[in-house]
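Presented below is the structure to which this report refers.
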Amino acid sequence: LELSTLQRNVTDEDVDVGKCIDEALEYFKADIKKKNITIIKSLQEKTLKTKKEHLYILISNIIKNAIKYNKEGWDIEIILNKNRLEIKDTWQWIPRNEINKIFERFYQVWEARNQEWYWIWLSLVKKLCDMYGRNISVKSEEWEWTTFYITF
């Protein structure tokens with residue numbers, strides 16, 4: 001429902017991206033602890049003109065995927081600089097032949113198909129990026145890592 005009704009609000013506000021990241025990490029604190037994941041952060045100050053709820057949806061969905069598909073006891077790296085946000089997990093990968101499909105509504109990568117998490121959320125993330133003129137891309141190395149990049 002959110003995906004079909006999503007519209008950009010003309011009354012955007014200045015939102016602190018680092019604070020939004022910290023709020024998402026706090027929300028998933030129990031999941032992070034349960035999987036004994038180490039969060040490695042390098043956050044520069046960055047403010048965006050946006051709707052705070054939209055930025056939170058974008059960031060929290062990528063972080064949720066990183067937690068869900070990360071191996072127990074491994075790391076998640078979050079790097080924020082003036083031009084880009086990177087969120088990298090250190091276990092799950094996306095096969096090269098499927099990487100361009102992950103932003104399609106209801107698409108699931110072959111590894112995730114027998115889990116309950118639906119990738120519709122990534123289509124919402126993509127729609128938000130498109131709506132605000134931001135680019136989102138993904139790189140993945142087999143048996144190593146997957147990184148989501150959002151450029152501002």
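The values are calculated or read from the model by the stated rules, or taken from the named source; none is laboratory data. What you are looking at is a predicted structure, and each value in this text was computed from that prediction instead of being measured. When we count neighbours, we look across all protein chains shown, and the Cβ atoms used for this are built from the backbone with ideal geometry, even at glycine. These area figures cover heavy atoms from the full protein model, side chains too; ligands, DNA and RNA do not enter into them. Shrake-Rupley method; radii C 1.70, N 1.55, O 1.52, S 1.80 Å.
Within the option set Glu45, Glu86, being at pLDDT 90 or above, in a strand (DSSP E or B) and of a type in the set (Asp, Glu) holds for one residue only, Glu86. Based on what the data block shows, is Asp31 of a type in the set (D, E, K, R), open to solvent by 10 Å² or more (accessible area, probe 1.4 Å) and either closer than 16 Å to Leu128 by Cα or more than 16 Å from the chain's Cα centre (by Cα) (or both)? Considered against the rule, which asks whether it is of a type in the set (D, E, K, R), open to solvent by 10 Å² or more (accessible area, probe 1.4 Å) and either closer than 16 Å to Leu128 by Cα or more than 16 Å from the chain's Cα centre (by Cα) (or both), Asp31 comes out as no. When segment 1-35 is filtered for residues that are modelled with pLDDT of 95 or more, farther than 17 Å from Ile79 by Cβ and touching a Ser or Thr at 6+ places or on another chain (Cβ under 7 Å), the ones remaining, listed by number, are Asp14, Val15, Tyr27. Condition check for Asn70 on (1) under 17 Å from Lys35 (Cα atoms); (2) modelled with pLDDT of 90 or more; (3) open to solvent by less than 40 Å² (accessible area, probe 1.4 Å): one failure, at (2). Taking the condition in contact with a helix residue (DSSP H, G or I) (Cβ under 6 Å, 6 or more places away or on another chain), not basic (Lys, Arg) and not in a strand (DSSP E or B), does Ile59 pass? Yes, satisfied.
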